[in-house]
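Computed from the coordinates by the stated procedures, all read-outs in this text should not be read as laboratory data. All of these numbers come straight from a predicted model, not from anything done at the bench.
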Amino acid sequence: MPVLAALRRDLAAVVARDPAARGPVEVALCYPGVWAVWGYRLAHALWERGLHLPARFISQVVRMYTGIEIHPAATIGPGFFIDHGVGVVIGETAEIGADVTLYQGVTLGGTSLNLGKRHPTIGDRVVVGAGAKVLGSFAVGDGARIGANAVVVRPVPPDSVVVGVPGEIVAGREGRPAAGALEHGDLPDVLGQTLIDLVARVEQLEGLVAGGEPPRAPRYTTDAAGVWHEAADFQI
């Protein structure tokens, strides 16, 4: 893709995905995530031409001003959006597809000292939530969502949801999400559901030991807002 076309698509990606953006001029002047991506594109062009020292120098200047560090050797597709951006780190052998969204504090890092491929490959339309760490030379499939503060160390299938430490695949998705749609309120509560299941099992066992009927529903559950309460249909 020509450089100017890539820059325009970067602007359009921010306007489309950030409701606070009021137009491309504001985005170009006020969004450090955009500055970091544009600085990367310049540094990457120099890196590809063998000018490694100038490329690294530009990336460090951009890091100083934005708090975002992108190695100039990384490969990043069009429509890339870093929201807020402070603390984002993208390693040398990382590969990022089209229309990917990263939030603040994300790390695309490595777990090896080998000189080969050691950073993740991120598919198209992937969204990585704030503070998440994706570590290793594996692939994250197209359309996947990684929840905030997840630590992902294994491959992620397309159109799936990953949460937790270490990251667990908790859901597949029917169809593909709109580009950049994180749906923060639609991430499963893995720990909460595990506790609900354990409570239900304990109540069943207590009922059997006491010689009564086991309960037909968990005593506790969570509502749509994630608030715990006693289930209305609980019976002993």
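The Cα-based radius of gyration of the stretch 3-177, divided by its Kirkwood radius, gives an Rg/Rh of 0.96. In the distance distribution for the stretch 90-178, Cα-Cα pairs more than 18 Å apart total 34 percent.
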